[in-house]
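Notes follow the structure.
The values are calculated or read from the model by the stated rules, or taken from the named source; none is laboratory data. For clarity, every value in this text was computed on a predicted model and none was experimentally measured. No Cβ is skipped: glycine too gets one built from the backbone with ideal geometry, and neighbour counts run over all protein chains shown.
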């Protein structure tokens, strides 16, 4: 059947998959690390998760996966069990012994009850056996990401960064005693920035976050919206918060 299970033609991995969007709107750019040495799995899965709006890193060795997990603030780890250099079980145990509470999903061919118990006892939050159905995997990913602090922040109607406050429900921001009225798109953009301080956001990432596939505005709309937002939240004498990274995108925060 292959690693993908019953998903379209069960003998083939999906090409340019189009998966149904869940009713719950999830914030984009939540970071996922996949540690698996099967390129037949990781390459299409990375594409699928990116289409769902996630920021995905891949490691094909256990040691590399552990290093990435320790060096970065991921929202979810997807681990195979049988890996070169260091097993997924060892990675999970090591992270839990260090006090790392990042949600862990085992995605593995080890399918006995003893295997599942060992994985969960090692600190995993969920366990899915290969072959699997894509819809089930995506549902489990969404469920685990709901435990992330970043998910809670992105679903809060009030955000604060430095001297800037945002009330997205009422479409207003506050800075230095000023009340700043915002459009719906400006609220979306500012929310994106305030929940990802210091992170480089490319023009393409911003475009995909603000406009759906059915909306096709001109690509110049991102810089135009950026200028409007800057005029509102960066008055004369105030510290700039939206910083242009020329040729790449934008970074939010105080220099």
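As a summary of the residue check, residue 105 satisfies the conditions (1) modelled with pLDDT of 95 or more; (2) surrounded by fewer than 17 Cβ atoms within 10 Å (Cβ to Cβ); (3) not in a helix (DSSP H, G or I) except for the one numbered (2). For residue 160, the conditions (1) surrounded by 13 or more Cβ atoms within 10 Å (Cβ to Cβ); (2) outside any loop (DSSP other than H, G, I, E, B) are fulfilled apart from (1). Considering the stretch 178-255, there are no qualifying helices (runs of 4 or more DSSP H) wholly inside with 2 or more residues that are touching a residue at least 60 places away in the same chain (Cβ under 8 Å) and under 15 Å from residue 168 (Cα atoms). Within the stretch 116-131, the set of residues being out of contact with any helix residue (DSSP H, G or I) (no Cβ under 9 Å at 6 or more places or on another chain) and in contact (Cβ under 8 Å) with a residue 24 or more places away in the chain comprises 131 only. Against the conditions (1) at pLDDT below 95; (2) more than 30 Å from residue 181 (Cα to Cα); (3) part of a loop (DSSP other than H, G, I, E, B), residue 123 satisfies every one except (1). Right, residue 143: surrounded by fewer than 19 Cβ atoms within 10 Å (Cβ to Cβ) and either more than 23 Å from the chain's Cα centre (by Cα) or at pLDDT 90 or above (or both) or not? Yes: the conditions hold for residue 143. Note on the stretch 43-62: residues that are assigned to a helix (DSSP H, G or I) and under 24 Å from residue 146 (Cβ atoms) amount to 7.
Of note, residue 199 does not satisfy the criterion of being in contact with a helix residue (DSSP H, G or I) (Cβ under 6 Å, 6 or more places away or on another chain) and either modelled with pLDDT under 95 or within 30 Å of residue 247 (Cα to Cα) (or both). Criterion applied to 111, 115, 121, 100 was being assigned by TED's automatic domain parsing to the domain that holds residue 58 and either surrounded by 20 or more Cβ atoms within 10 Å (Cβ to Cβ) or within 30 Å of residue 191 (Cβ to Cβ) (or both), and the one residue passing it is 100. Among the criteria (1) surrounded by fewer than 14 Cβ atoms within 10 Å (Cβ to Cβ); (2) in contact with a strand residue (DSSP E or B) (Cβ under 9 Å, 6 or more places away or on another chain); (3) at negative phi; (4) outside any helix (DSSP H, G or I), the one residue 165 does not fulfil is (1).
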